1. For a quick check of your reading: which helices (runs of 4 or more DSSP H) sit entirely within segment 70-184 and have at least 3 residues that are surrounded by 14 or more Cβ atoms within 10 Å (Cβ to Cβ) and at pLDDT below 90?
2. Take L192 and decide whether it is assigned to a helix (DSSP H, G or I), in contact with a Ser or Thr (Cβ under 8 Å, 6 or more places away or on another chain) and open to solvent by less than 60 Å² (accessible area, probe 1.4 Å).
3. Pairs needed: first member in segment 176-202, within 19 Å of Y317 (Cβ to Cβ); second member anywhere, in a helix (DSSP H, G or I) and among the acidic types (D, E); C-beta distance under 9 Å; at least 6 residues apart or different chains.
4. Kindly evaluate A238 against the criterion of being part of a helix (DSSP H, G or I) and over 30 Å from A339 (Cβ atoms).
5. Filter segment 195-218 down to residues that are touching a helix residue (DSSP H, G or I) at 6+ places or on another chain (Cβ under 8 Å), of a type in the set (D, E) and either at pLDDT 85 or above or not in a helix (DSSP H, G or I) (or both), then give me how many there are.
6. Pull out all pairs, ordered by first then second residue, where Cβ-Cβ is under 9 Å, the residues are six or more apart or on different chains, the first lies in segment 257-285 and is surrounded by 12 or more Cβ atoms within 10 Å (Cβ to Cβ), and the second is basic (K, R).
7. So, L447, is that one under 30 Å from D152 (Cα atoms), aliphatic (A, V, I, L, M) and surrounded by 21 or more Cβ atoms within 10 Å (Cβ to Cβ) or not?
8. Taking the condition aromatic (F, W, Y), buried (at least 17 other Cβ atoms within 10 Å of the Cβ) and over 22 Å from I467 (Cβ atoms), does F395 pass?
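The values are calculated or read from the model by the stated rules, or taken from the named source; none is laboratory data. All values reported here derive from a predicted model rather than from experimental measurement. Every residue, glycine as well, gets a Cβ built from its backbone with ideal geometry; the counts of neighbours run over all protein chains shown. Heavy atoms of the whole protein, side chains included, go into the accessibility calculation; ligands, DNA and RNA do not. Shrake-Rupley method; radii C 1.70, N 1.55, O 1.52, S 1.80 Å.
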Amino acid sequence: MILSMRMQNIALIEQLTLEFGEGMHVMTGETGAGKSIVVDAVNLVLGGRADRDLIRTGTDKAWVEAVFDAGDSAEVQAFLASQQIECDGLVTLYREITRNGRNLCRICGMVMPVTALRELAAMLMDVHGQHEHQFLMDARYHLHFLDASGDDRHQELMRQVQEAYQAFIDKHRQYARLVRVNEQKQQRMEQLKKSLEELGKARLKNGEEEQLTREKERYRHAEKIAGALEAAYGQIAAGEGESVITRLKEAVDALNGISRLDETYAALTRRAESAYYELEEIGYELNGLIEKSDFDPRRAEAVENRLDLIHRLERKYGETIPVVLASQEQMQQEYDNFASMDQQVAAVGAEHKKLLAAYRSLARQLTESRKALALAFEEKMTDQLSDLGMERTIFKVEFAPHPEGKQLMPQALGDDSVQFMISPNPGEPLKPLSKIASGGELSRLMLAIKTLEAEKGGVGCMVFDEIDTGISGRMAQVVAEKMAAIAVSRQVICVTHLPQIAAMASHQLLVEKHVEGERTATSVRMLTQEERIGEVARMLGGADGSGDSARSHAQHMLRQAEAYRSMMKATRAS
């Protein structure tokens, strides 16, 4: 159950701390005092929509914190363990929203996503909002209400159907895609075959482009180098009598004839000889380089053509040879996949058929379980409605017939579609609830469903926000007793305008709106027994609750309510 709740800057509430005990709590107050604000705060901390309009005017953020005693809930403990959250039985939920859109959630102090907060909150508290009974007007929700009344075996069967549906739908999508691709494969296979032949003929190799580029660069300068070497060699050493070296040899021989006559001539002779030998050595080296030259015009052309081919394939299939080769491998795999697609379609089709059969089998079991459940649900709802003053009402769960000769597409919830039918008056035919139920009847129907949920077990705290819509007089007392019965085994928090329900509670909180300076604020406080007399008297129509007649009637109602609660507890204990 919830132990306490704190909030700050929620709409008209600046700061508020509420504490809760066992049994039934009611929140009362004048219309517009702010009772719905407290419910909005509850919804916020339970993971509801983070509406920035909830933030108090003039402030930048708002927060709500709720503390629950969940020590005896194995489901809650299992969830906390799965999230690696340590807890001593007290579970704290925290939600903070800001005007800039920041949304902070904490569970037991640990920051968690809002989805986790919402999942855990569903195990701790069930909130029935002001307009939730309108869900009864939509037949799409009727199946949910029926399934919620099922036992563990029924819930397990629902889980199995959902798993079978998911397995089928995954395979169905795969099968549909394969069939579609198989129908369109021929044109693609021709494209792939042409590309693979082109790449296969090219026989590309990793590192080939870099090697050819270096070779091309060498060949690009080789021709120029070879020409220069041959020209230099031709001038220095080639030819008879025409080369520089031949003429220099003649000059040395001439100087040798006069070298002994004077030191000047001798020095010139030595320098000429030295130049001759240097030139002769250069000639030998030039000749050696020319002989070693490997320039091959045909090879240079072949390198150029190969690089052109590589560049064309890279523009077409990838930026580099490794990318092109990877594309080639992928295309080969795709082609091979297409080649074996008929077999794949057949194999996946067989699995698809098998999973569909498994789903159909479980769905039929679920339908039978629902039909048996519907009979029990009808009987229990009839009893509950009788208690709520609708004793002549006939309530039925109608299953929509399946179309003849047509297979329904599998659904996560099975093959069934149901809607609630009622006949409020004897002699009248059954009609869809959504077409004939009044506001008061819808409220009582929803209360009957919530009572059955409470009897079945589950969440330990139930919140009712004005479930008494459209109810008055004797029926208000019946609804109050019904809620008191729920509160024997559940913690109940109820927002109400009816004095009968207010009197039946174990705890009463008063919501008040007042002006401080130029600001309007809402406050909530727990009433003493004496204060409760005044508040119930006000709700009875006694203006400010000070009239003797109204107070006397309120005292009588509170005494009767206390006696009724004691009787309910004694009955349950026995």
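1. In segment 70-184, the matching helices (runs of 4 or more DSSP H) lie at 152-183.
2. For L192, the condition - assigned to a helix (DSSP H, G or I), in contact with a Ser or Thr (Cβ under 8 Å, 6 or more places away or on another chain) and open to solvent by less than 60 Å² (accessible area, probe 1.4 Å) - is not met.
3. Here the result reads R188/E334; M189/E334; L192/E334, each pair linking segment 176-202 to a residue that is in a helix (DSSP H, G or I) and among the acidic types (D, E).
4. When the stated conditions are applied, A238 does not pass them.
5. Going through segment 195-218 one residue at a time, the tally reaches 3.
6. S259/R270; A266/R260; Y276/K249; E280/K249
7. yes
8. In short, no.
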